[in-house]
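Worksheet: the structure to be examined is printed underneath.
Read the figures in this text as sums done on the coordinates, not as results from a lab. The structure presented is a predicted model; accordingly, all values stated were derived computationally and were not measured. Cβ coordinates were reconstructed from backbone atoms using ideal geometry, including for glycine residues, and neighbour counts include every protein chain displayed.
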Amino acid sequence: MKDPAVRNKLLLATIESIEKYGIESTTIRTIAKEAGVAFSSLHYYFESKEQMVAEALEMAVGNAFSDLWAFWQTRTDDLAALREILLFLFDGSLQFPGVTRASLHAMLMLGQPEGITHNMINRVIGAIVDGMACKADIPHDLLAQRLIVAFSATLINGISPQAFESGTRIDYNVRENRVRMVDTLLAGLFKPLAEAETTANQNAKQEENP
C-alpha cells in the first residue's frame with residue numbers, strides 16, 4: 001500500500017530539486033537524493049518525472065495562489081489587498097526563483113500560454129478587473145492592461161532582481177526597492193482615464209510627427 005507521507009515527501013523533494021537545480025536539471029536521481037529514499041521507490045509512487053514535477057508545482061504554486069485568492073475574496077480594501085498581492089508575488093518569486101521559472105516554463109521557454117502560474121494569474125487578474133473596473137471608473141480593458149504590466153513587472157524582477165541594476169542602480173533584493181516599485185505601479189494603475197487618454201494621444205502625435 002502506498003504511504004501518503006512518502007508520496008508527499010517526494011513531492012517536497014521535487015520542489016527542492018527544482019529550486020536548486022532548475023527544471024531541466026531535475027532528474028529522478030536528484031529527487032531521490034533530496035528525499036533520502038531509494039531510487040526505485042519513485043517509480044512505485046509516480047509514473048514519471050514529468051508527473052512528479054507537474055504535481056509538485058501544482059502543490060507549491062497552488063497553495064500560494066489559494067492564499068492569494070482567499071485574501072482577495074475576504075478583502076475590505078481593494079487597493080490595500082492588491083498591494084499585498086503584488087508584494088506577495090514579488091517576494092515569493094524572489095525567494096523561490098527556480099520554482100517560479102519552472103511554473104512559467106511553458107510560457108517563457110515554449111511560447112505556450114499555459115501552466116499553473118499562468119492560469120492562476122489570469123484567474124486573479126480577471127477577478128480584480130471584475131471587482132474594480134466599475135469602482136475605479138476605468139474601462140475593463142484598460143484596467144486589465146495595467147494589471148498585466150503590474151503582475152509582469154513584479155514576477156520578472158522577482159525572478160531576476162538584479163537584471164536592470166547596471167542601468168538603473170536598483171537592486172530588488174532590497175525589499176524597500178520592491179515596495180517602492182509596487183507603490184509606483186499602483187500609482188499608475190488608477191490614473192484617471194482622461195489623463196491616460198491625453199498621454200496616449202500625445203504619444204500618437206509624436207509618432208506621426210517625429
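Couplings for the stretch 145-154, taken from phi via the Karplus curve 6.51 cos²θ - 1.76 cosθ + 1.60 with θ = phi - 60°, read 4, 5, 5, 4, 4, 5, 5, 5, 4, 5 Hz in order; Gly and Pro are left as x.
Roughly how compact is the stretch 1-122, stated as its Cα Rg over 2.2 N^0.38 Å to two decimals?
Details: Rg = 15.9 Å, N = 122, 2.2 N^0.38 = 13.7 Å.
Taking the Cα Rg and dividing by 2.2 N^0.38 Å, one obtains 1.17.
Report the convex hull volume per residue for the stretch 40-194, counting only C-alpha atoms, in Å³. Present the calculation step by step, with values, prior to reporting the outcome.
Working: hull volume 21.6 nm³, N = 155.
Measuring per residue, one finds 139 Å³ for the Cα hull of the stretch 40-194.
With neighbours defined as other Cβ atoms within 10 Å of a residue's Cβ, the residues S93, S160, S17 order from fewest to most as S160, S93, S17. Taking Cα atoms, how many degrees apart are the long axis of helix 49-73 and the longest axis of the chain, rounded to 10 and kept between 0 and 90? For 49-73 against the chain, the angle is about 40 degrees.
With the helix formula -39500 (n - 2.57) applied to DSSP H stretches of n ≥ 4, the chain reaches a computed 222 nm mean residue ellipticity of -25000 deg cm²/dmol.
Taking R0 as 30 Å, what FRET efficiency do you get between L110 and D141 from their Cβ-Cβ distance, rounded to the nearest 0.05?
Values: r = 27 Å, r/R0 = 0.90.
Computed FRET efficiency for L110 and D141: 0.65.
Kindly provide log₁₀ I(q)/I(0) values, in the same order as q = 0.14, 0.23, 0.25 Å⁻¹, from the Debye equation applied to equal alpha-carbon scatterers of the stretch 1-57. Results for the stretch 1-57 at q = 0.14, 0.23, 0.25 Å⁻¹ read -0.28, -0.79, -0.95. To the nearest ten degrees, helix 193-208 and the longest principal axis of the Cα atoms of the chain are 90 degrees apart.
Between helix 175-189 and the chain there is an angle of about 50 degrees, using the helix long axis and the longest principal axis of the Cα atoms.
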